[in-house]
Structure formats: C-alpha cells, structure tokens
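Colleague: Structure below; questions to follow.
The values are calculated or read from the model by the stated rules, or taken from the named source; none is laboratory data. Model, not experiment: these values are computed from the prediction. Please note: Cβ atoms are built from the backbone with ideal geometry, for glycine as well, and neighbour counts cover all protein chains shown. Heavy atoms of the whole protein, side chains included, go into the accessibility calculation; ligands, DNA and RNA do not. Shrake-Rupley method; radii C 1.70, N 1.55, O 1.52, S 1.80 Å.
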Amino acid sequence: MHTVLIIDDHDIVRFGLEAMLLRCPQVTLAGSADCLQAGLAQIERMRPDLVISDMGLGDAAGLDTVRALAQAQESRGLLIVTMQDEMLYGEQALALGAGGYLMKHSVQANLVAAVVTILHGGTWASPRLNAKLVDRHLRRNTAGRQRAEEGLSSLSARELQVLELLRTGKTTKEIAMLLELSARTVDIHRANLKKKLKLRSGAELIAFASRRG
C-alpha cells in the first residue's frame with residue numbers, strides 16, 4: 001500500500017479527494033492538511049509516498065508552493081491539483097519536481113489514473129499539456145541540432161577525426177591509440193567539440209556524432 005497526504009485549504013475539496021481515493025485500492029490516506037506549513041510538518045513526520053496539493057493555499061500560493069513541496073518530498077511523488085491554468089503553470093510545476101499536474105475540473109475523471117501513474121514512477125499530464133511539452137522538446141532539440149551543424153565549420157582537422165571516431169563508437173582510450181595521442185589530449189578535443197558545437201554533455205556529443213553516420 002502507498003501512503004497519500006492531501007493538502008488543500010477547502011474542506012470540501014479534501015473530503016472529495018479522499019472519497020475518490022477510495023476507488024484506488026493501491027493507496028491509503030496518511031493524513032490531510034489545510035495549509036502549506038501544516039502539510040510540510042506532516043511530510044516530515046509521515047514521509048508519504050505521494051502528496052496531492054493545491055498550488056493556492058492559505059499561507060502560500062503559486063509556484064513557491066510547488067517548490068517547497070517538491071523539496072520536502074525529495075524523490076517521492078507530488079501531484080498538483082489546482083484551478084490554475086495548466087498552460088500557464090503546468091510546465092513550470094513539472095520542471096520544479098511535481099510528478100503530475102491536474103486541473104480540478106478534470107479530477108473526477110483522472111485522479112486515480114494520475115495517482116497510479118506517479119506512484120509507478122511516471123509523469124502525468126493532460127493530453128493538452130503533454131502536447132505542449134512534446135512540442136517544446138522537439139523545437140528545443142531541433143534548435144540544438146541546428147546550432148551544432150553550424151559549428152562544424154569551426155572544427156579543426158583533428159577535431160573532425162575525433163568526431164568521426166566517436167561516430168563509429170570508439171572510446172576515448174581507443175581514439176587515443178588510433179591517433180597516437182594521450183587520453184588527456186582526446187578529452188581536451190572532446191571538450192572543444194562540445195564547446196564549438198554548443199552541446200551540453202558528452203551524451204549529446206555522442207548522439208550528434210552518431211546522427212552523422
């Protein structure tokens with residue numbers, strides 16, 4: 001059984017959420033709170049598997065509420081249930097550590113699914129919000145690839161050699177042996193490649209090199 005804590009400053013909302021959770025045999029109610037500070041105290045004491053909370057509480061409002069709850073929950077679940085427009089706040093709430101964002105008008109249809117998804121390690125968002133997140137991800141990746149392609153003209157002959165060997169799956173040690181360089185020198189070339197191609201990590205560098213095959 002997974003434990004759930006509900007935080008909302010309206011009694012009728014808390015009671016309604018509790019009643020709906022009765023349809024989910026995987027969870028048990030650990031408690032409830034009507035403000036952020038009381039909720040944080042219960043989180044510290046109970047360590048619930050999932051917190052369901054509004055963003056607007058009597059003593060806190062907006063994304064600051066999400067930030068405080070996500071920090072208190074650490075790696076455990078957090079579901080935001082609110083009237084605040086998901087297209088304005090949903091993406092930011094998820095970025096701050098919430099595992100799901102649910103508008104109150106859709107709670108009856110989606111609460112159990114959202115709870116189960118988050119408790120099993122997933123992220124829950126409505127089709128509308130999910131479409132926005134996917135579009136943002138695709139546009140960000142496309143822009144990153146374009147910047148990397150533009151940086152190719154600035155690479156030296158040696159850096160192009162290293163990039164080609166990365167494309168074939170060679171490790172730093174293997175590249176060093178093939179080019180008769182030290183592993184440290186290869187690492188420097190890799191760092192220069194990331195900088196010139198405007199890539200943020202070694203994983204992005206490998207992915208970029210692989211796409212050039």
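Colleague: Most fluctuating residue of Gln108, Gln73, Gln92 in a GNM of the chain with Cα springs under 10 Å: which is it?
Modeller: Gln108
Colleague: Here's another thing I want to ask about it. Calculate how steeply helix 86-96 sits against the longest principal axis of the alpha-carbon atoms of the chain, using the helix alpha-carbon long axis, and give the answer as 0 to 90 degrees to the nearest 10.
Modeller: Between the helix axis and the principal axis of the chain, the angle is about 70 degrees.
Colleague: Next question. Can you find, among Leu50, Ala109, Gln26, the residue sitting farthest towards the positive end of the charge dipole of region 1-118, where Lys and Arg contribute +1 and Asp and Glu -1 at Cβ?
Modeller: Gln26
Colleague: Calculate what fraction, in whole %, of the accessible area of the chain sits on carbon and sulfur atoms when a 1.4 Å probe is rolled over the protein chains. Numbers along the way, then the final one.
Modeller: On the way: 6080 of 11410 Å².
With neighbouring chains kept in place, the figure for the chain is 53 percent.
Colleague: In whole percent, what relative contact order does the chain give with Cα contacts below 8 Å and a gap of six or more residues? If you can, show how the numbers build up before the last one.
Modeller: Numbers: 293 pairs, mean separation 29.4, N = 213.
Value for the chain: 14 percent.
Colleague: Follow-up. Would you calculate a helix-derived [θ] at 222 nm for the chain, using -39,500 (n - 2.57) for each DSSP H run of n ≥ 4 and dividing by the full residue count, to the nearest 500? Mind showing how you got there, number by number?
Modeller: Numbers: 10 runs with 126 residues, N = 213.
-18500 deg cm²/dmol, from helical runs alone.
Colleague: Could you report the accessible area of His120 in Å², rounded to 10, computed with a 1.4 Å probe on the protein chains as they sit in the structure?
Modeller: Accessible area of His120: about 130 Å².
Colleague: On to the next question. Accessible area per residue for the chain in Å², computed with a 1.4 Å probe and the full protein assembly in place, what is it? Could the numbers behind the result be given before it?
Modeller: Values: 11410 Å² over 213 residues.
Accessible area per residue, the chain: 54 Å².
Colleague: Right, something else. Out of (1) 62, 54, 40; (2) 57, 36, 31; (3) 70, 32, 31, which label holds the value of Cα extents along the principal axes in Å that was computed here?
Modeller: Entry (3).
Colleague: Ranked from the most accessible area to the least, with a 1.4 Å probe and all protein chains present, what is the order of Met83, Met46, Met103? Write out the running numbers ahead of the final one.
Modeller: On the way: Met83 150, Met46 65, Met103 25 Å².
Most to least solvent-accessible, the answer reads Met83, Met46, Met103.
Colleague: Which whole-number percent gives the relative contact order of region 7-97, counting Cα pairs below 8 Å spaced six or more residues apart? Please report the intermediate quantities before stating the final value.
Modeller: Numbers: 106 pairs, mean separation 24.6, N = 91.
Here the relative contact order equals 27 percent.
Colleague: Leaving ligands, DNA and RNA out of it, work out the accessible area of Thr123 with a 1.4 Å probe and give it in Å² to the nearest 10.
Modeller: Here the residue's solvent-accessible area equals roughly 90 Å².
Colleague: Rounding to the nearest 10 and keeping the result within 0 to 90°, find how far the Cα-based axis of helix 157-167 lies from the longest principal axis of the chain.
Modeller: Between helix and principal axis, roughly 50 degrees.
Colleague: Restricting attention to region 1-110, which GluC sites (Glu not before Pro) occupy a DSSP loop and are surrounded by at most 14 other Cβ atoms within 10 Å?
Modeller: Glu74
Colleague: How would Leu94, Leu193 line up by accessible area, probe 1.4 Å, largest first?
Modeller: Values: Leu94 35, Leu193 0 Å².
Descending order: Leu94, Leu193.
Colleague: Would you look at the GNM of the chain, springs on alpha carbons closer than 10 Å, and say which of Ile80, Ile43, Ile175 moves the most?
Modeller: Result: Ile175 has the largest fluctuation of those listed.
Colleague: In addition: Relative to the longest principal axis of the C-alpha atoms of the chain, give the angle of the C-alpha long axis of helix 36-46, reported between 0 and 90° and rounded to the nearest 10°.
Modeller: It works out to around 80 degrees.
Colleague: Loop only per DSSP, at most 11 neighbouring Cβ atoms within 10 Å: give me the trypsin sites (Lys or Arg not before Pro) in region 55-119, ordered by residue number.
Modeller: On the way: sites: Arg67, Arg76, Lys104; in loops: Arg76.
Those that pass, being in a loop and sparsely packed, number zero.
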